[in-house]
Amino acid sequence: MTVGRATFVAIIGAGALLGSAPVSHARTRDFWVAAVRVTWNAVPNQRDAILGTAHDPGETVMPTTVYQRYTSHWRRRLRNTPPAGGNSDGIPGPLLRARQGDRLRVHFKNLDPIQPHSMHFHGVSYRPDSDGSYVPGVSGRDGNVRPGQTYTYALTAGTGSVGVWPYHDHSPSMHASIEGGMYGMLSILGRHEPWPDREFVVVLAPMGYFQTIDGRAFVGNTPVFRSRVGQRVQWDVLGMGSEHHTFHVHGHRWRARDGTPLDTQTVGPAESFRIRWREDAPGTWLYHCHVEQHMAAGMIGTYVVSR
Ligand SMILES: [Cu+2]
């Protein structure tokens, strides 16, 4: 007990030295994540229900590696996102939630038997040995976690960390890994911000023949997000890949930083934003990327609001 307490004090001291936010109620949050091989189907029902076209499993099923959330010391697999946060699991990786002033320790294990992997985080502070990117001749194990190995990334959420941010593989295998879904999001709340009642993670990214939301394409396969009237809803939106997307939700508007009402917002590669509202519009609504070719290639889903 005494040792744990001493460690905690030392960690707070380090945070203060790094110039991060007020740390009086700061916590250290541990996350356990592994890279695991899976067989992923981007279109599990094999169809585009809007156009009425069929897609062959030869196009939709692929072996890939994903980030998976675990209990401590990788004993047991857990869901990556809260149950109401969508029906997809494995892509994106675990939603890592913290508060401004917190320290995060992300314990990563590479269970992929073939490729090296890593975790590189946006939006938070860290020393170079927690950057998680491979720099030939310079970087250490953090950027090149080989099969069977582990690495712990030490991160600090400072005043400039409030918001939502991507993380992704930045090892030598990053290009194939990102195309295959090795990305996820950090969600950092301000010191006194309430947790939303519903938090939806939306990653817009290409995968094989498709343009996907959380690794799935077409209504009936993409996440069905659910909320109730009166709930505080938060959407965490991220673009990955090489294209820009325009995120649109039917029947709702939100405000840009300058107060302008929006119902469509552009997100480029590795850009991210959060959208919040108090839900007041019951019904079944579409959400989608409004780049027409992306929508036609699967980047569309439904959002169900009950009374
Ligand atoms: Cu798009």
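The numbers here are math on the coordinates, done by the rules we state, and not lab data. Bear in mind the structure is a predicted one, so any value in this text is a computation, not a measurement. All Cβ positions, glycine included, derive from the backbone under ideal geometry; neighbour counts span all protein chains shown.
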Exercise. Over the range 198-307, with a single point scatterer placed on each C-alpha, what log10 of the ratio I(q)/I(0) does the Debye formula yield at q = 0.10 1/Å?
Worked result: -0.25
Exercise. Highest mean first, what order results for 171-178, 272-279 on Cβ atoms within 10 Å?
Worked result: 171-178, 272-279
Exercise. When you count, for each residue, the other Cβ atoms within 10 Å and take the mean per peptide, how do 238-248, 199-209 rank with the highest first?
Worked result: 199-209, 238-248
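Relative contact order, percent, of the range 60-190 when contacts are C-alpha pairs under 8 Å separated by at least 6 residues?
31
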Exercise. If you take the Cα Rg of the chain and divide it by 2.2 N^0.38 Å, with N the number of residues, what do you get?
Worked result: 1.00
Problem set entry | Angle in degrees between helix 2-17 and the longest Cα principal axis of the chain, rounded to the nearest 10 | 70
Seminar exercise, completed: Over the chain, the sum of -39500 (n - 2.57) across DSSP H runs of at least four, divided by residue number and rounded to 500 deg cm²/dmol, gives at 222 nm -2500 deg cm²/dmol
Exercise. What does the charge dipole of the chain about its Cα centre add up to, to the nearest 20 debye, if the Cβ of each Lys and Arg holds +1 and the Cβ of each Asp and Glu holds -1?
Worked result: 1340
For this session: Pick out which of Ala154, Ala54, Ala270 has the largest mean-square fluctuation in a Gaussian network model of the chain, springs linking Cα atoms closer than 10 Å.
Result: Ala54
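For an R0 of 30 angstrom, estimate the FRET efficiency from the Cβ-Cβ distance between Trp195 and Glu271 and round to the nearest 0.05.
Step by step, r from the Cβ atoms, then E = 0.80.
In the chain, what percentage of the DSSP-assigned beta bridges are antiparallel, given to the nearest 5?
On the way: 57 of 82 bridges.
So the antiparallel bridges in the chain amount to around 70 percent.
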For this session: Would you work out if the range 87-147 is rounded, prolate or oblate? Take a ≥ b ≥ c from the square roots of the eigenvalues of the alpha-carbon gyration tensor; rounded if a/c is under 1.5, else prolate when a/b is larger than b/c, oblate otherwise.
Result: oblate
Problem set entry | Mean separation of Cα contacts under 8 Å (6+ apart) over length of the range 2-306, as relative contact order % | 17
For this session: Please name whichever of Met299, Thr65, Thr150 sits farthest to the positive end of the charge dipole of the chain, dipole taken about the Cα centre and charges placed at Cβ: Lys and Arg +1, Asp and Glu -1.
Result: Thr150
Exercise. Hey, what's the per residue convex hull volume over the C-alpha atoms of the range 243-291, in cubic angstrom?
Worked result: 81
Exercise. Can you work out the base-10 log of I(q)/I(0) for the range 138-215 at q = 0.18, 0.20, 0.27 1/Å, using the Debye formula on its C-alpha atoms alone?
Worked result: -0.96, -1.06, -1.26
